[in-house]
Amino acid sequence: MKIHPNSTLIMIGDSITEWGRETPIREDTLESSGSGYVHFVHCLIAAADPSLRLQILNMGVGGNTVRDLAARWENDVMAQAPDWLSIMIGINDVWRQFDTAVPKDQQISVEEYSGTLERLIATIRPRLQGLVLMTPYYIEPERTDPMRAMMDRFGEEVRRLAVKFQAEFVDTQAAMDLALREYSPAELAADRVHVNDVGHMILARAFLKAVDYSW
């Protein structure tokens, strides 16, 4: 695996990352990793390779956009001095463009999203042993659907940043699309975003594949 033994890995994002984690984090325990894909990553590694002794910290916060990430970046990322960092953000940035309750001037464009994320990554990348960038996703097989099309645009910016910063790239949308060959969207997430355990395992599997972990 690309992540070396005794490393600290921070996984940061929105509610998909947070998913039941303890707040504030008291220590690196399975309980503090929540019950979603971060938890599954933690459990799989802890069960198959306990000697790795990885410290995995869940820094997801529900409802976050890239602006929220920027507001807490110093405390939740820089101050923690991780060896590895995984970022999955963007679902709310897109979703709120389709929410009539959110004023236009508060919505986040793809340009703001990409520029903000790039600036944040640039502050931490020289200090990291490794970086994982995960795309946002929308569980909709029809690519011409407006929200799905917008999510794909945001995902392409994540791909671009992964190349620029020599990061491991996780195409979560592609992973969900593969699952949609057998499942209907409702079988993975009632609202096409907040996935069930199967969806979280799909995310965990995609992450582990990106860091060359197998069990």
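No value in this document is a laboratory result; all are computed from the given coordinates. Since the structure is predicted, the reported quantities are computational estimates derived from the model, not experimental observations. Here the Cβ positions follow ideal geometry from the backbone for every residue, glycine too, while neighbour counts run over all protein chains shown.
Please compute the volume of the convex hull spanned by the alpha-carbon atoms of the chain and report it per residue in Å³.
On the way: hull volume 25.2 nm³, N = 215.
Dividing the Cα hull volume of the chain by its residue count gives 117 Å³.
The modelled label-to-label distance for the pair ALA47/ASN75, using points 7 Å beyond Cα in the direction of Cβ, is 3.5 nm. Across the options ILE12, MET1, LEU188, the greatest Cα extent toward the positive end of the charge dipole of the chain (unit charges at beta carbon of Lys, Arg, Asp, Glu) belongs to MET1.
Just to confirm a number: summing +1 for Lys and Arg and -1 for Asp and Glu over residues other than TRP215 whose beta-carbon lies under 11 angstrom from that of TRP215, what do you get?
Working: positive: ARG205; negative: ASP49.
Neighbourhood net charge equals 0.
Charge dipole of the chain (Cα centre as origin; +1 on each Lys and Arg Cβ, -1 on each Asp and Glu Cβ, all else neutral): 500 debye, rounded to the nearest 20.
With N residues in the range 41-97, what two-decimal value do you get for its Cα radius of gyration over 2.2 N^0.38 Å?
Numbers: Rg = 14.2 Å, N = 57, 2.2 N^0.38 = 10.2 Å.
That works out to 1.39 for the range 41-97.
Multiply the residue gap between GLU112 and GLN97 by 0.36 nm, knock off their C-alpha separation, and tell me the result in nm, one decimal place.
Details: separation 15, 0.36 × 15 = 5.40 nm, distance 1.29 nm.
Full extension from GLU112 to GLN97 adds 4.1 nm.
Of all aspartates and glutamates in the structure, the ones whose alpha carbon falls short of 18 Å from that of LYS164, not counting any fewer than 8 places away in one chain, are GLU111, GLU112, GLU118, GLU156. Just how far, in whole angstrom, is the range 97-151 from the range 29-69 if you go by their alpha carbon centroids? Comparing the Cα centres of the range 29-69 and the range 97-151, I get a distance of 21 Å.
For the chain, which longest stretch is free of loop sites, where a loop site is one of the trypsin sites (Lys or Arg not before Pro) that DSSP puts outside H, G, I, E and B and that has at most 15 other Cβ atoms within 10 Å?
Here the longest segment lacking exposed loop sites spans 54-142.
The aspartates and glutamates within cross-link reach of LYS209, meaning a Cα-to-Cα straight distance under 17 Å and a gap of 8 or more places when in the same chain, are ASP49, GLU168, ASP171, ASP177.
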